[in-house]
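J.: I have a structure here, written as structure tokens, and I will follow up with some questions on it.
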Amino acid sequence: MTQEARDHTDLVAVPHPSAAVDPAAWTCPAPLRDSPTIVMGHGAGGAMSAELVQHLFLPGYGDAATPDLGDSAVCTVGGRRLAFTTDSFVVRPTFFPGGNIGDLAVNGTVNDLAMSGARPLFLSTAFILEEGTPLEELNAVARTMGEAAGRAGVQLVTGDTKVVDSGHGDGIYVNTAGVGLLDENVHIGPDRARPGDVVLLSGEIGLHGIAVMSSREGIEFGTTVESDTAALDSLVQHMRATGADLRVLRDPTRGGLAASINEIAVASGVGIEITERDLPVPEAVSSACGLLGLDPMFVANEGKLVAIVPAEEAEQVLAAMREHPRGEKAAVVGECVADHPGAMVSRTGLGATRVVDLPVGEQLPRIC
Amino acid sequence: MCLAVPGKVVRLREEDGTRMAEVDFGGALKDVCLQYVPEVSLGEYVIVHVGFAIQKLDEASARETLANFEELGLLEEEFGDQLAQAARQAGVEEPRQR
Amino acid sequence: MKYLDEFSDPALAGKLLDRIHEVTTRPWAIMEVCGGQTHSIIRHGIDQLLPDGIEMIHGPGCPVCVTPLDMIDRALEIAAREDVIFCSFGDMLRVPGSERDLFRVKSEGADVRLVYSPLDALKIARQNPDRQVVFFGVGFETTAPANAMTVYQAQRLGVENFSLLVSHVLVPPAVAAIMESSTCRVQGFLAAGHVCSVMGTREYPPLAERYEVPIVVTGFEPLDILDGLRQTVTQLEAGRSEVENAYPRAVAEHGNPAARQMLEDVFEVTDRSWRGIGMIPRSGWRLSGKYRAFDAEYRFDVGGINTEESSVCRSGEVLQGLIKPNECAAFGTLCTPRNPLGATMVSSEGACAAYYQYRRLDLAGSGATS
């Protein structure tokens, strides 16, 4: 049809009787999961990351692999139990509201150790730097790391620096590995949740993910939300001092609360029910999620923990958490059940239920 | 389809001859094109989809709709029972009262 | 968020549910046209709270899902070019073409960028005058004004390195196509609120009359959806088939005149095939002749890419035992036996359906015991 021949009625498409379609036969394109190359989703902490470990790394490592399910591996050396962990940080942008890659790298590894109940002691720091990165930026990151380590009471004892060609990196990448010591009587692990146990959350969710997203190229928006990046070992020590049985501790980072709860449900073979209206979600996070079409349960945190404890000890642990500055807004958010083992179920604000699956890959803003 | 959210116009400006605004979505601020809602002024609410205001939000109508909902169940003050009944009929657990 | 949170209030939801239970005397099958509404229904579990007889049939209104395969393949072809910065909404990045998706093309070195708005793509074009910047303009009538304005601005400002790959689809022809089907069970429609914010409600009375179905323009929050259902069921029980507006705060009868005028200038109606559904005549928009210079299909000469649709859900892989049903991302959320996306979920003997029932039984058990 030519431009000249068009009139207003052309724009309004009229019903066409010859176009019969059958809703029962509809299908929908599900995302591709089996990529022959690495895609972003493999690093997002969701189902694709888990598949990469399960189907590539573990078979590749063969007998040499004795993976621990927790955030840290617990190894016995000379009769002492060591917690050992490593994490790489590739956040973009390097600096974001509430922190930078340096805080994240220290706090993230401290928290992975703390989630095993260990007292974090030593961290390594390794940098992969892109040619052309301003020293000023690196200096700011290094200072932040020193300060964060000081607050967490850990020492930065060894490190490494490599530089890659311009265009082959993204400014500053940091890897930190850490070791900590575990007391005799500490047994915390993702496989220890039992039906009847209570799920506690240490505070408001979604802050880190929203803060980073707000400064990400292409989707930037104005917000007062700042990253919650913080070390949690002192909160954990405070919780442990109650003497209660802390069965599971987990920091819900990439993939958010949904990923952590799903992982615990699978590792422990229990069902976990979360009550949405009990979740502490700040209004600014909820609004930003509304704007971008995201679910706060899938948004990353960097200074929160999930604790699973026996029901009879929940009040006591909750009270201890609320005494601590990192746990002031702690809340009971759910419970473990015998039914639907391995599945996370959420009770919606209206009182209905839905299954909450492990996120597939990266959380993306949606238009529909 | 069509995630569109209401936000309040907090700042107006011109950019390349186009009417733009800063819109506040409950604390999240975003640049929005107002070219399709020429009648909207500062402090009013618009419905925004992918960076464009596609309609002015009719605040009086929103209040009226909510008031109508309030009146729907005037004889049924105990909504909780009804919600629970609906849940039972649907074979799910009663909404938990914490 | 103001004017959003109020419309999720559980107490008012209870009142609306009461009323729906009161007026329902028989089973009814109601389709929500829009994917945003489907999302909200699942997210809040609204379907579980409805009277047993009310069946929600999920409509075709997910713009990324219905974007035809050959259009995705054209996008992938363009995105892979060295001189191109390819910009897209986030939810298009994972939609598979014949062999790849945009994420994959990006992983192979293409410059694929996620943007919130097509205006962001135009901005990128102005910042990169030596590169070709292409925006993937998908969506229903709601999204079309944004894309139209962007092309209009590109022309006005002379941003010649910008172009739009257009695959717009339209709701009313889809509603008609659904009702023309001999196996159609839909008795009432929740029309897509934000489509009507742009287009108004005047396209719907002829449809309601012709097919004798109530059509209620409905919003997206829980109370909006419940009120849309309440009005639809009330009409059905009374034997009426009218167009009603349950979303008056965002929808006027005439829609948005300024947006419609721009749409008229920039787009023209075309036949469009819908992924997973098939060709629906006159169900889409493409750039009009006046804006042909900004049409990426012509600029990059990809109009000749015509790929046949193959298996679009992963049922084929399930049937071959390559994946377990719950490894499909749609399993149990968007794809259920009542609202199947693929053959293995449609048939009760199908692997997905069986797997699903097993899990649902577990879930029902939890309700009984706790």
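The values are calculated or read from the model by the stated rules, or taken from the named source; none is laboratory data. Predicted, not measured: the structure shown is a model, and the values here were computed from it. When we count neighbours, we look across all protein chains shown, and the Cβ atoms used for this are built from the backbone with ideal geometry, even at glycine.
J.: Inspect all residues belonging to segment A:280-287 and state whether any of them is away from chain B (no Cβ under 13 Å) and touching a Leu at 6+ places or on another chain (Cβ under 9 Å).
T.: Here is the first cut: in segment A:280-287, the ones away from chain B (no Cβ under 13 Å) are A:280.
Next, only the ones that are touching a Leu at 6+ places or on another chain (Cβ under 9 Å) stay: A:280.
Yes, there is a match, as at least one residue in segment A:280-287 is away from chain B (no Cβ under 13 Å) and touching a Leu at 6+ places or on another chain (Cβ under 9 Å).
J.: If you check C:VAL233 against the conditions, is it buried (at least 22 other Cβ atoms within 10 Å of the Cβ), over 23 Å from the mean Cα position of the chain (by Cα) and away from every other protein chain (no Cβ under 13 Å)? It would help to see each step written out before you state the result.
T.: Numbers: buried (at least 22 other Cβ atoms within 10 Å of the Cβ): yes; over 23 Å from the mean Cα position of the chain (by Cα): yes; away from every other protein chain (no Cβ under 13 Å): yes.
The answer is yes for C:VAL233.
J.: Here's something else I'd like to know. Give C:ALA238, C:ALA250 a once-over and let me know the one that is among the aliphatic types (A, V, I, L, M), out of contact with any helix residue (DSSP H, G or I) (no Cβ under 6 Å at 6 or more places or on another chain) and free of Cβ contacts under 8 Å to residues at least 60 places away in the same chain. Show your work before the answer.
T.: On the way: C:ALA250 fails: out of contact with any helix residue (DSSP H, G or I) (no Cβ under 6 Å at 6 or more places or on another chain).
Within the list C:ALA238, C:ALA250, the selection yields C:ALA238.
J.: For residues that are aliphatic (A, V, I, L, M), assigned to a strand (DSSP E or B) and facing chain C (nearest Cβ under 9 Å), tally how many sit in segment B:21-52.
T.: Taking segment B:21-52 first, the residues aliphatic (A, V, I, L, M) are B:21, B:23, B:28-29, B:32, B:34, B:37, B:40, B:42, B:46-48, B:50.
Imposing the further condition that a residue be assigned to a strand (DSSP E or B) reduces the set to B:21, B:23, B:28-29, B:32, B:46-48.
Now drop any that are not facing chain C (nearest Cβ under 9 Å), which leaves B:28, B:32, B:47.
Count: 3.
J.: Moving on. Report whether or not A:LEU364 is facing chain C (nearest Cβ under 9 Å), free of Cβ contacts under 8 Å to residues at least 24 places away in the same chain, among the aliphatic types (A, V, I, L, M) and in contact with a helix residue (DSSP H, G or I) (Cβ under 9 Å, 6 or more places away or on another chain).
T.: Details: facing chain C (nearest Cβ under 9 Å): yes; free of Cβ contacts under 8 Å to residues at least 24 places away in the same chain: yes; among the aliphatic types (A, V, I, L, M): yes; in contact with a helix residue (DSSP H, G or I) (Cβ under 9 Å, 6 or more places away or on another chain): yes.
Yes: the conditions hold for A:LEU364.
J.: I'd like to check which strands (runs of 3 or more DSSP E) are fully inside segment A:289-368 and have at least 2 residues that are modelled with pLDDT under 95 and either under 17 Å from the mean Cα position of the chain (by Cα) or within 25 Å of A:GLY269 (Cα to Cα) (or both). Working first, answer last.
T.: Values: elements: A:306-309, A:331-337, A:344-347, A:353-356.
Filter on segment A:289-368 gives A:344-347, A:353-356.
J.: Then there's this: Name every residue in segment C:234-261 that is among the aliphatic types (A, V, I, L, M) and touching a strand residue (DSSP E or B) at 6+ places or on another chain (Cβ under 6 Å), in order of residue number. So that I can check it myself, show each step before the final result.
T.: Just the residues of segment C:234-261 that are among the aliphatic types (A, V, I, L, M), to begin with: C:236, C:238, C:243, C:246, C:250-252, C:258-259.
Result: C:LEU236, C:VAL243, C:ALA246, C:ALA250, C:VAL251.
Yes/no per residue for (1) among the basic types (Lys, Arg); (2) facing chain A (nearest Cβ under 10 Å); (3) in a loop (DSSP other than H, G, I, E, B); (4) surrounded by fewer than 23 Cβ atoms within 10 Å (Cβ to Cβ):
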position: C:ALA259; (1), (2), (3), (4): no, no, no, no
position: C:ASP271; (1), (2), (3), (4): no, yes, no, yes
position: C:SER283; (1), (2), (3), (4): no, yes, no, no
position: C:ARG292; (1), (2), (3), (4): yes, yes, no, yes
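J.: Here is a list: C:CYS65, C:CYS87. Which entry is surrounded by 22 or more Cβ atoms within 10 Å (Cβ to Cβ) and out of contact with any strand residue (DSSP E or B) (no Cβ under 8 Å at 6 or more places or on another chain)? Don't jump to the end; show me each part of the working.
T.: On the way: C:CYS87 fails: out of contact with any strand residue (DSSP E or B) (no Cβ under 8 Å at 6 or more places or on another chain).
When all the criteria are applied, what remains is C:CYS65.
J.: Give all pairs with beta carbons closer than 9 Å in which a residue from segment C:83-106 that is within 20 Å of C:TRP274 (Cβ to Cβ) and modelled with pLDDT of 90 or more meets a residue that is surrounded by fewer than 21 Cβ atoms within 10 Å (Cβ to Cβ) and among the charged types (D, E, K, R); count only pairs at least 6 apart in sequence or on separate chains.
T.: C:SER88/C:ARG113; C:PHE89/A:ARG366
J.: Now for a separate question. If you scan segment C:44-74, which residues turn out to be more than 16 Å from the chain's Cα centre (by Cα), within 11 Å of chain A (Cβ to nearest Cβ) and part of a helix (DSSP H, G or I)?
T.: C:HIS44, C:ILE46, C:ASP47, C:GLN48, C:LEU49
J.: What number of residues within segment A:116-135 are within 18 Å of A:ALA149 (Cβ to Cβ) and either not aromatic (Phe, Trp, Tyr) or not in a strand (DSSP E or B) (or both)? Please lay out each step first, then the result.
T.: Looking only at segment A:116-135, we keep the residues that are within 18 Å of A:ALA149 (Cβ to Cβ), and these are A:118-127.
Retained after the next criterion (residues that are either not aromatic (Phe, Trp, Tyr) or not in a strand (DSSP E or B) (or both)): A:118-121, A:123-126.
The total comes to 8.
J.: If you take the residues of segment A:242-296 that are among the small types (Gly, Ala, Ser) and within 20 Å of A:GLN316 (Cα to Cα), which of them is surrounded by the most Cβ atoms within 10 Å (Cβ to Cβ)?
T.: Keep residues of segment A:242-296 that are among the small types (Gly, Ala, Ser), which gives A:243-244, A:255-256, A:258-260, A:265, A:267-269, A:271, A:284, A:286-288, A:290, A:293.
Imposing the further condition that a residue be within 20 Å of A:GLN316 (Cα to Cα) reduces the set to A:243-244.
Values: A:GLY243: 10, A:ALA244: 19.
Of everything passing the filter in segment A:242-296, A:ALA244 is surrounded by the most Cβ atoms within 10 Å (Cβ to Cβ).
J.: Quick check: anything in segment A:331-340 more than 14 Å from chain C (Cβ to nearest Cβ), surrounded by 19 or more Cβ atoms within 10 Å (Cβ to Cβ) and in contact with a helix residue (DSSP H, G or I) (Cβ under 7 Å, 6 or more places away or on another chain)? Give the derivation first.
T.: Narrowing segment A:331-340 to residues more than 14 Å from chain C (Cβ to nearest Cβ): A:331-333.
This time we only want the ones that are surrounded by 19 or more Cβ atoms within 10 Å (Cβ to Cβ), so: A:331, A:333.
When the remaining residues are screened for being in contact with a helix residue (DSSP H, G or I) (Cβ under 7 Å, 6 or more places away or on another chain), the result is A:331, A:333.
Within segment A:331-340, one or more residues are more than 14 Å from chain C (Cβ to nearest Cβ), surrounded by 19 or more Cβ atoms within 10 Å (Cβ to Cβ) and in contact with a helix residue (DSSP H, G or I) (Cβ under 7 Å, 6 or more places away or on another chain).
J.: Go over the candidates A:GLY178, A:GLY108 one by one and state the one that is of a type outside the set (A, V, I, L, M, F, W, C), surrounded by 18 or more Cβ atoms within 10 Å (Cβ to Cβ), in contact with a strand residue (DSSP E or B) (Cβ under 7 Å, 6 or more places away or on another chain) and under 26 Å from A:THR223 (Cα atoms). Steps first, answer last, please.
T.: Numbers: A:GLY178 fails: under 26 Å from A:THR223 (Cα atoms).
Answer to the check: A:GLY108.
J.: Now a separate question. Which helices (runs of 4 or more DSSP H) does segment C:126-226 wholly contain that include 1 or more residues that are on the phi < 0 side of the Ramachandran plot, within 16 Å of the chain's Cα centre (by Cα) and within 14 Å of chain A (Cβ to nearest Cβ)? Full working, then the answer.
T.: Numbers: elements: C:144-157, C:171-180, C:193-199, C:205-211.
Per the criteria, C:144-157, C:171-180, C:193-199.
J.: Here are some conditions: (1) facing chain A (nearest Cβ under 10 Å); (2) farther than 17 Å from C:LEU165 by Cβ; (3) surrounded by fewer than 22 Cβ atoms within 10 Å (Cβ to Cβ). C:GLU253 meets all but one. Which one does it not meet?
T.: (1)
J.: Looking at segment C:75-96, can you tell me whether even one residue there is under 23 Å from C:ASP271 (Cα atoms), facing another protein chain (nearest Cβ under 7 Å) and either within 25 Å of the chain's Cα centre (by Cα) or part of a helix (DSSP H, G or I) (or both)?
T.: Within segment C:75-96 (the criterion being under 23 Å from C:ASP271 (Cα atoms), facing another protein chain (nearest Cβ under 7 Å) and either within 25 Å of the chain's Cα centre (by Cα) or part of a helix (DSSP H, G or I) (or both)), the answer is yes, since at least one residue qualifies.
J.: Which of (1) surrounded by fewer than 24 Cβ atoms within 10 Å (Cβ to Cβ); (2) assigned to a helix (DSSP H, G or I); (3) of a type in the set (S, T, N, Q) does C:SER241 not meet, given it meets every other one?
T.: (2) is the only condition that C:SER241 fails.
J.: Quick test of your reading of the structure: A:GLU302 fulfils all but one of (1) within 28 Å of A:ALA50 (Cα to Cα); (2) surrounded by fewer than 24 Cβ atoms within 10 Å (Cβ to Cβ). Name the failing condition by number.
T.: Looking at each condition in turn, A:GLU302 falls short on (2).
J.: Shifting gears a bit: Out of (1) within 19 Å of the chain's Cα centre (by Cα); (2) at positive phi; (3) not hydrophobic (A, V, I, L, M, F, W, C), the odd one out for A:GLY243 is which?
T.: (1)
J.: Looking for something within 27 Å of A:SER214 (Cβ to Cβ), in contact with a strand residue (DSSP E or B) (Cβ under 9 Å, 6 or more places away or on another chain) and among the hydrophobic types (A, V, I, L, M, F, W, C) - is there at least one such residue anywhere in segment C:160-177? Show your work before the answer.
T.: First, pick out the residues of segment C:160-177 that are within 27 Å of A:SER214 (Cβ to Cβ): C:162.
Checking which are in contact with a strand residue (DSSP E or B) (Cβ under 9 Å, 6 or more places away or on another chain) leaves us with C:162.
Then keep just the ones that are among the hydrophobic types (A, V, I, L, M, F, W, C); that gives C:162.
Yes: segment C:160-177 contains one or more residues that are within 27 Å of A:SER214 (Cβ to Cβ), in contact with a strand residue (DSSP E or B) (Cβ under 9 Å, 6 or more places away or on another chain) and among the hydrophobic types (A, V, I, L, M, F, W, C).
J.: A follow-up question, please. Identify all residues within segment B:1-20 that are charged (D, E, K, R), in contact (Cβ under 8 Å) with a residue 12 or more places away in the chain and away from chain A (no Cβ under 14 Å); write none if there are none. Show your work before the answer.
T.: Step one: filter segment B:1-20 for residues charged (D, E, K, R), giving B:8, B:11, B:13-16, B:19.
Of the ones still in play, those that are also in contact (Cβ under 8 Å) with a residue 12 or more places away in the chain are B:8, B:11, B:19.
Within segment B:1-20, just B:ARG19 meets the criteria.
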